[in-house]
Amino acid sequence: MGNAQALVVSNDLPDDPATQQSPTPQQQTPAPPATQPGQAAPPAQPSQSNAQQTQTSQQQLNQEEKQRILGVMPTFNMTNNKDALPLTPHQKFQLFFKSITDPWTFGITAISAGIGQAEDSPPEWQGGVEGYAKRFGAGYADTFDGNLWGNAILTSWWHEDPRYYRMGTGGFSRRALWAAGSSFWCKRDKGTWGPNYANIIGNLIGGAIANVYYPPSQRGITPTLEHSASVTGYGILGAEVIEFWPDIAHHYIKKRQEKKAHQAAQQNPQSNADPAFSPPAFSESRSRKGNAVN
């Protein structure tokens with residue numbers, strides 16, 4: 001994977017000008033000035049590889065930030081490009097901010113707060129507008145803290161990629177395990193793979209911070225671990241949906257097209273007739289001759 005990534009970067013770079021043309025006898029290349037002993041060498045020209053790589057990764061990120069399921073559910077953290085360039089810390093925070101401010105996030109938080117209101121959970125917040133506001137605020141804070149630490153701060157610190165690399169091909173079991181394992185195994189910025197420390201530790205940090213704004217019945221070690229486990233479970237569920245949704249959509253579209261084609265064939269049965277057989281056609285000139293003779 002690292003070699004493939006390096007190949008992608010090298011393909012984006014311009015060729016060495018020295019290899020593109022050789023000096024002709026009429027065109028001589030001036031020799032660099034000689035450096036005297038004890039004199040500092042002239043500074044080397046800065047390489048443009050880092051700037052070009054950042055520009056390419058930004059273009060890839062901009063495309064990923066347009067991805068949605070059914071035009072509603074964002075899948076900004078997913079990439080189909082197995083050789084996608086690593087994100088800079090700035091880009092990781094950009095991805096975090098894009099996700100946390102998306103209308104989908106507020107909508108899901110509002111629904112979750114409504115369910116908690118109906119179940120009177122936690123009971124200390126009771127009902128009414130104030131109770132709903134507390135549940136909504138706590139739910140959004142959970143999402144904000146988990147994403148901030150798990151997808152931005154720790155991924156930048158430990159050089160981990162916060163995106164989900166969709167497999168896209170293979171058997172169902174293999175792809176399902178791949179999606180579930182993404183919560184515990186991730187790609188590094190240097191192209192290798194390893195434990196997803198940022199996601200695991202980030203969920204624990206988010207659960208610990210939740211002790212500040214949740215009522216006493218929801219505080220302590222056990223609620224913190226339960227909260228972290230539930231967030232991890234939601235992450236696994238989301239990865240499964242992202243992995244298999246394109247297949248589901250493709251299957252639905254294919255079936256719909258086949259149904260339309262079948263209906264069109266039934267409405268136009270003559271289109272299925274043998275094209276080699278056709279009634280004899282008389283030309284207009286021959287018809288006119290017949291009329292003249294008569």
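Being out of contact with any Gly (no Cβ under 6 Å at 6 or more places or on another chain) and touching a residue at least 24 places away in the same chain (Cβ under 8 Å) narrows it down to one residue among Asp145, Asp102; which is it? After ruling out the rest, the residue left standing is Asp102. Scanning the range 143-170 for residues that are among the aromatic types (Phe, Trp, Tyr) and either within 21 Å of Trp245 (Cβ to Cβ) or not in a helix (DSSP H, G or I) (or both) yields Trp158, Tyr164, Tyr165. Close Cβ contacts (under 6 Å, 6 or more residues apart or on different chains) running from residues in the range 189-202 that are in contact (Cβ under 8 Å) with a residue 12 or more places away in the chain to residues that are assigned to a loop (DSSP other than H, G, I, E, B) comprise Asp189/Pro86; Asp189/His159; Gly191/Met1; Asn196/Phe184; Tyr197/Trp158; Ala198/Trp158; Asn199/Ser183. You will find that of Ile205, Ile248, the residue that is buried (at least 16 other Cβ atoms within 10 Å of the Cβ) and in a helix (DSSP H, G or I) is Ile205 and no other. Selection of the range 82-103 for residues being among the acidic types (Asp, Glu) and modelled with pLDDT of 95 or more yields only Asp102.
Checking Gly220, Gly233, Gly181, Gly191 one by one, the residue that is modelled with pLDDT under 95, surrounded by fewer than 21 Cβ atoms within 10 Å (Cβ to Cβ), of a type in the set (Gly, Ala, Ser) and within 20 Å of Thr79 (Cα to Cα) is Gly191 and no other. Taken over the range 141-155, the residue count meeting the criterion of being in contact with a helix residue (DSSP H, G or I) (Cβ under 6 Å, 6 or more places away or on another chain), small (Gly, Ala, Ser) and over 10 Å from Gly202 (Cα atoms) is 0.
Screening Tyr214 with (1) closer than 27 Å to Pro123 by Cα; (2) part of a helix (DSSP H, G or I) gives one miss only, at (2). Among the residues of the range 97-111, is there at least one that is part of a loop (DSSP other than H, G, I, E, B) and surrounded by fewer than 18 Cβ atoms within 10 Å (Cβ to Cβ)? Yes - at least one qualifying residue is present in the range 97-111. Kindly evaluate Gln91 against the criterion of being in contact with a helix residue (DSSP H, G or I) (Cβ under 6 Å, 6 or more places away or on another chain) and either among the acidic types (Asp, Glu) or over 28 Å from Val212 (Cα atoms) (or both). Yes.
The values are calculated or read from the model by the stated rules, or taken from the named source; none is laboratory data. Predicted model only: the values in this text are computed from it and were never measured. Here Cβ is always computed from backbone atoms with ideal geometry, including for glycine, and neighbour counts include all displayed protein chains.
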